[in-house]
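These notes concern the structure reproduced below.
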Amino acid sequence: MSVGTGDSADAGLYGAEEEDVCRPTDLSELLKEGTKESHNRAENTKFVRDFLKGRIQRETFKLATAALYFTYSALEEELERNKEEPAIVPLYFPQELHRKEALERDLCYFYGDAWAEAIQCSGATEAYVRRIRHLGRTRPELLVAHAYTRYMGDLSGGQILRKVAQRALHLPPTGEGIQFYVFDNVTNAQQFKQLYRARLNALDLDPETKESVVQEANHAFQFNMQVFEELDKIGTALPEAQDGGLPVHDGKGDIRKCPYYAAQQGVPGASGCPFHAAMALARLPHVQALIAAGVTAMVAFLAWYLM
């Protein structure tokens, strides 16, 4: 899902501070160019590639949501604590951007009312949180790198992942479990991102500080990749599940152990195991071409998204 420009009626809200022409020394351009390699590595991690293909298990998604909760709690608390800092003031949009409360609603949906006791901060997430806390105490201007990388990603490629997760996990169409991706107070995502970048470019930072922000943005990508790798390892150890937890037959061993096969016994005209039907369809050349094109398109749209 790409992010459109929205209706012209919204232009007055976010358009006043747009910059149509960016200079190479603008912080947004330095970030874009300086993080290309990290961005490419992050979006090509196995976890993200599998997510885009809909290969995401409910338990893994729950753990990813918990990791986001700890990360955004730290980031938003540090932004709040440093909101009077010159580099933070122009980029402080708690009503529009902050994700902590949305993540709390998602965790309540997945874990119930006692969600706070049910989740733990993983090792990779804890390292990310420590870095954010350290910057909040020592170099708050570098929080800009983490805020920009996270929030701009959420408004861009994150909207693709929202649809993928809803479809793959059979989540309610009313949005339960994916409130993290819903920005009720951003009426036009494209124009808001333009405003945010214009505010970035207007920050009064010397070249050395700008370079430090770019380096910190690369650190942010690295922290996120470590979280992805951790989630991927956990997901690999989990039994594959579908539709309420029934394991999906993987095409190996005795087909009678497949729950779908067992469910079809004694039903005249019933189809075979969905796995085998899907695999037969996927072997068709034109279907493979369509799948490849779809995956390529989704990856291309995954601009600036990390988790």
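Compactness ratio of region 113-153: Cα Rg over 2.2 N^0.38 Å, N = residue count?
1.44
Which GluC sites (Glu not before Pro) in region 27-106 sit in a loop by DSSP (not H, G, I, E or B) and have at most 11 other Cβ atoms within 10 Å of their own Cβ?
Glu84
With an 8 Å cut-off on Cα pairs and a minimum separation of 6 or more residues, tell me the relative contact order of region 10-241 in percent.
This gives 41 percent for region 10-241.
Let me check against my output: what whole-number percent is the relative contact order of region 44-116, with C-alpha pairs under 8 Å and at least 6 apart? Working shown, then result.
Working: 26 pairs, mean separation 25.0, N = 73.
Value for region 44-116: 34 percent.
Return P(r) of region 23-76 (all Cα-Cα pairs; 10 Å bins starting at 0; whole %; ordered from short to long distances).
20, 31, 35, 12, 1
Just from the alpha-carbon atoms, what are the Rg and Dmax of region 10-241 in angstroms?
17.5, 52
The numbers here are math on the coordinates, done by the rules we state, and not lab data. Note that the structure is predicted; figures quoted are calculated from it, not measured. Every residue, glycine as well, gets a Cβ built from its backbone with ideal geometry; the counts of neighbours run over all protein chains shown.
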